[in-house]
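Take a look at the structure set out below.
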Amino acid sequence: MSSSRYLVAAVFCAFVLQGSVTQAQLSSNFYDETCPNASSIIQGVLVQAFQSDPRIGASLIRLHFHDCFVQGCDASILLDSTDTIVSEKGAFGNNNSARGFNSGGPSWTNLLGRRDSTTANITLANENLPAPTLTLEELKQKFINVGLNGDTDLVSLSGGHTFGRSQCQFFIQRLYNFNGTNQPDPTLDTTFLQALQALCPQGGNGSVLTNLDVSTPDTFDNNYFTNLQENKGLLQTDQELFSTAGADTVDIVNLYGSNQTAFFERFVVSMIRMGNLSVLTGSEGEIRLNCSRVNGISSLSSGDDLVSSF
């Protein structure tokens, strides 16, 4: 099973399964008795999704990331707005960009048993989610603030950009007015810069998409890191990992660029670490009957279909 399929098992099991929850900790066999076919059920749904939407694998990894960075991995990002909840979907880092592949990549055994939050926090989402224009030190601090480290976890999880797409609006400042200089980001490869300027002209459509990984955009591999070595990172926060002089992240990028196995192994470790941030277990939270609504509370918007909601 590909990494994205295992990932979704971790993200989804807490709120799509209706078995009783009595354990107060995560375990790899949490649903063996209450829902023994959980993995195959989830895999079947995802296979259908991958066939109709090649972006879904990358989108789900991003969704997991954006959930865990806001009050822990508790599915709060899925909640729609109600009279008492302001949805995190409208946060700067989520609005019109968060959304639910034959991708390859590593696989691992997930720890299961997370329960869902009964609250969302758009303020924390706006504070915690890394913007694509951060410096390396600012990016590091975002990771440290939630309990991850600013070197191996940061570089490994950034490697999730080995597939997926980004909109022009999130990197156009690098093309024309980097840091208020009225000049392009000097770290951008010249040929790559010209291609991006043609795709994203000044005053153009900011929602136009392009690949995060210019070389193998639909494959989970280590080419994201070789792209950084060639100054072809799409987002500022990508290229900062390699182009910041004297940064401890440079050696990690070089390691992953030359050793895909090392990247895969560390990506698994960091994904598990992130997936265990401030989880709700035992009697905490709830198991939602509807992903986008707290049990017993109506939603102001539909949002019943997770994939279409994003």
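The values are calculated or read from the model by the stated rules, or taken from the named source; none is laboratory data. No experiment lies behind these values; they were computed from the predicted model shown. Virtual Cβ from ideal backbone geometry, glycine too; neighbours counted across all protein chains shown. Calculation scope for accessible area: heavy atoms of the full protein, side chains included, ligands and nucleic acids excluded. Shrake-Rupley method; radii C 1.70, N 1.55, O 1.52, S 1.80 Å.
Quick notes on this one:
- Identity of the residue in region 261-310, among the hydroxyl-bearing types (Ser, Thr, Tyr), at pLDDT 55 or above and open to solvent by 60 Å² or more (accessible area, probe 1.4 Å), that ends up farthest from VAL155 (Cα to Cα): SER298
- For region 115-132, the set of residues classified as surrounded by 16 or more Cβ atoms within 10 Å (Cβ to Cβ), among the small types (Gly, Ala, Ser) and either part of a loop (DSSP other than H, G, I, E, B) or modelled with pLDDT of 90 or more (or both) consists of SER117, ALA120, listed by residue number.
- Number of residues in region 175-191 that are farther than 29 Å from ASN259 by Cα and either among the acidic types (Asp, Glu) or not in a loop (DSSP other than H, G, I, E, B) (or both) equals 5.
- Going through (1) over 22 Å from THR281 (Cα atoms); (2) at pLDDT 80 or above; (3) open to solvent by 20 Å² or more (accessible area, probe 1.4 Å) one by one, PHE92 falls short only on (2).
- Residue within region 234-244 that is farther than 27 Å from GLN169 by Cβ, of a type outside the set (Val, Ile, Thr) and assigned to a helix (DSSP H, G or I) present: no
- Scanning region 130-177 for residues that are in contact with a Pro (Cβ under 6 Å, 6 or more places away or on another chain) and not aromatic (Phe, Trp, Tyr) returns LEU139, LYS142, LEU175.
- Only one of the numbered conditions (1) within 28 Å of ILE272 (Cβ to Cβ); (2) surrounded by 14 or more Cβ atoms within 10 Å (Cβ to Cβ); (3) in contact with a helix residue (DSSP H, G or I) (Cβ under 8 Å, 6 or more places away or on another chain) is not met by ASN145, and that is (2).
- Restricting region 133-142 to residues that are open to solvent by 30 Å² or more (accessible area, probe 1.4 Å) and part of a loop (DSSP other than H, G, I, E, B) leaves a set whose member that is farthest from ALA247 (Cα to Cα) is THR133.
- Residues of region 192-231 satisfying the condition of being part of a helix (DSSP H, G or I), open to solvent by 40 Å² or more (accessible area, probe 1.4 Å) and farther than 26 Å from LEU255 by Cβ: GLN194, ALA195, GLN197, ALA198, LEU199
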